[in-house]
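Some notes on the structure that comes next.
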Amino acid sequence: MDAQAIYMYQNNPNDPPTRGSQRPGNSGNNGNNSGGPKDSGMSLLIRSIIIIVVLLVGWYLFEVFTQSSNTTTPNTLEIPYSTFYQQVEDNNVQSVVFQSQDATGTLKSSITIHDVNGDTKTGDQFHFTQLPNGDPALTALLIQKQVDFSAKPASDSNLVLNIIINVLPWILIIGFIFLVFRNASRSQQNIFSFGKSKAKVILEDRPTTTFVDVAGVDEAKNDLIEVVEFLKTPQKFQRLGGKIPRGVLLVGPPGTGKTLLARAVAGEASVPFFSMSGSEFVEVLVGVGASRVRDLFDQAKKAAPSIIFIDEIDAVGRQRGSSINSNDEREQTLNQLLVEMDGFDTRQAVVVLAATNRPDGLDKALLRPGRFDRRVTAERPDWNGRLAILKIHTRTVPLSNDVDLISIARATPGMVGADIANLVNEAALLAARRNLDSVSQVCFEESLDKILIGAERPLILNDADLNVIAYHEGGHALTGLLQEYVDPVTKVTIVPRGQALGVTQYTPLDDRYNYSQDYLEAQLVTALGGRAAEEVAIGHITTGAENDLQRVTAIARQMVTRWGMSERLGTISFSEREDPFAGTSLATGSREYSEKTAAVIDEEVNRIVRWAYSRAVSLLSEHRVTLDRVAKSLRLHETVDAKQLREIMVETGAIDAAPSSYR
Ligand code: ADP
Ligand code: ZN
Ligand code: MG
C-alpha cells in the first residue's frame, strides 16, 4: 500500500469545460514546441542572394534600354554604310556623330528607304554601323562636304554593359559556391561552438527574490529552507558528514510558483543562480544539448556555492526509449545530465533544482539517490494562500478603501499564483483605463469576470460543484473517522490537485505487510464514503467517484479471489495471473476455474461492495449533522486538517460513536 492513501473526487475528462477542466497549459507539452530548428539564418541567406540577383538583372535591363534609346529613336532610319556614303556625296548630310562602331546623324532633307522587311520608312535621322577598320577616305570626304562631324568615346554605359555581360555569370557562379561553402562551414562550427556560446549566455544571475515574495506554498517553502541553510554554510553540514541535498525536484501545476521558489532559494542564500529550460537543451543539432549541460555545470561549479535550475525538466528527462520515435539527442542530453550529477565533488556546494508539472513520465534514473531524490510539491493554494499571494502582488498597487482582498481570495478557488498575479495586473490596467486614482473592488470583480470567460481560463469551480466535492470528500473523511481499524485522516481538501478536484489523505501509522479483513472492509467503506455522502446529503450521485469505485472493486475482488475472505467460496486462492494491485482486467485464458466459479466470484464481489456501500450510507445518515459541518467547514476553509476534524466531531457529539478511532 502507498504511504499515503488518497481518495479523490475525480475530475471527469468528459465533463463540459466549465466543470473543472484543467488549464490548457496543463496538458500541453511545452517542452517539445520550443526547440524547433532555427532556419532564419538560412532563409536570410537565400533572401539576400535573390535580392542581389534581382538588382543585377534590373540594372542590366535598365542599361540595355537606356543604351538603345540613346542611339536610336523609333523614326531613326537604319541605313547601310553605302547609303550614308552616298548621302554625304549628295551633300545631304547635316551632321554625324561617331561612337565606337556606331554612327548617328541628321540629314538635311528626309529620305525614304526600304528596309529588310520590305517596309518603307521616311525620316532625317539615321544610324549606321561603320566599316570594321574605319574608312580612311571618309574623313576627307566629310571635311570636303562640310559635314558637321564629331566622335564620342565609347560610352560608359556601353562599357558597364560589356563588363556585366562578361562578368555577371562568373559573379553568380562564384558567389553561389562561396555561399554554399560558407554555410556548410558555419554549421560545422555550430556543432563545435554553439553549445559553448549559448552557455555563456547564461549569465550569473543573483536573484533578489526571497521567500517573502512567495506565498501559499508553505510546505514547499519549509522543505526548501534546509537547502538555503546548506548553501549559506556548507561547511557546517559537511563537518558532520551530513548528506547534502544534491537534487531537488519541484513538482506542481503550472503557475504555482516553482520557478519563483527556485529563485527565492538563490535569493535567500544569496548565491548565483544558473538557469536553463529543458527545451533549450534539446536542439536540432546533435551533441549541443549534452555540451550545454556540461557548460552549465562547469560554470555553476566554478561559482560554488551556487544553484543550477533546470526548468521543464520533462523535456529532457522523459523515460528513455519509451516513445517510438526515440530522440537520440534528448537521450544524450539526459545521459550527460546524469553523469554531471554523479560527478559532483562532495565538497562542492552546488544544488540542482529542477521543475516539472508532469513528474510521472520522468526517467527513473533521474530520481535515484544522489540525483533528484527529494521532491518538493507546490500545490494549488487554498483561500488563505490566495489571500497571501494577493497581498504580495498588491504591495505596489494603490488600492481603494473598498477593496476586500478576503472576498477576492474566496471567489477564486482553484486559481494558482500566476492566475492571481494576472488578476491583479488586469485590475490595475482596468483602473488605469478608467483614469482612477486607485484600483477599486469593481475593477477586481470585472477583471475576474473577464478572465473567467477568456481563452486561458483558470480552473475555477462553481458553487454547486464545490458543494458536491465538499460533501464527497467530507464523506470519505467522516467514514474514515467513524470506523475502527483505519488509517487516521490527516487532511481533507477541496483544492484541486492534479486530476483530482478534491483529496482526502490518510497516513498509515506503520508499514503494513498484512491486512486484516476488518481493515480491508473499513477501506471499502471509506472509499465508498464519498459516493455515499453525495447520495445522503445531496440526493443524487455524480461521476466524480470513478476512481473510488475502481479501487473498491479491485480490493473486493482480491478479498474474494486471493485472500479467501468469502464464505461462499471458502479459503481458496484463485490465481488469475494479474497484477493484484494494479487492478487490471482479468487476463483471458489464464483462469484456473470454471465459468460457474467466475459467476460466483462476481456475485461475491458484488455482495461485498454492496455491503460496504450500505454501511457507508448508514454511518453518514446517522452522523448527518457532523457531515454537514465537515462539508461546511471545507467550503469555508477549503482545507481541513485532523485537528479541526476532531473539533467538529467533538462539538457534534460524534466522537463518542467511535472513540477508538482516535489516539
Ligand atoms: P511555475 O514555474 O510554477 O509555472 P512561476 O514561478 O513561473 O510558476 O509563476 C509565475 C508568476 O506567478 C510568478 O512570477 C509570480 O509573479 C506569480 N506567482 C506564482 N506563484 C506564486 C506564489 N506562490 N506566490 C506569489 N506569486 C506567485
Ligand atoms: Zn472520492
Ligand atoms: Mg516555471
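Things worth noting here:
- In sequence order, region 206-222 has phi-based couplings of 10, x, 9, 5, 10, 5, 4, 7, 10, 9, x, 10, 4, 4, 4, 4, 4 Hz under the Karplus curve 6.51 cos²θ - 1.76 cosθ + 1.60, θ = phi - 60°, and Gly or Pro positions carry x.
- Sequence-distant residues sharing a close amide H with residue 490 (under 5 Å, placed H): 505, 506, 507
- Measure of compaction for region 296-399 (Cα Rg per 2.2 N^0.38 Å): 1.38
- Here the peptides 358-366, 522-530 are ranked by packing, the mean other Cβ count within 10 Å, and the order with the highest first is 522-530, 358-366.
- The length gained by stretching the chain between residue 218 and residue 543 to full extension, at 0.36 nm per residue less their Cα-Cα distance, is 113.8 nm.
- For the residue pairs 232/491; 221/491; 232/643; 236/391; 391/450, the C-alpha atoms sit more than 28 angstrom apart in 232/491; 232/643; 236/391.
- Around residue 145: net Lys/Arg minus Asp/Glu count, Cβ-Cβ under 12 Å: -2
- Couplings 3J(HN,Hα) of region 415-431, computed from phi: 6, 10, x, 5, 5, 5, 4, 5, 4, 4, 5, 4, 5, 5, 5, 4, 4 Hz, in residue order, whole Hz [Karplus 6.51 cos²θ - 1.76 cosθ + 1.60, θ = phi - 60°; x for Gly and Pro].
- For residue 490, net neighbour charge (Lys/Arg +1, Asp/Glu -1) across residues whose Cβ lies under 11 Å away: 0
Bear in mind these aren't lab numbers, they're just calculated from the coordinates by the rules spelled out. Predicted model only: the values in this text are computed from it and were never measured. Here the Cβ is made from the backbone with ideal geometry for all residues, glycine too, and neighbour counts use every protein chain on show.
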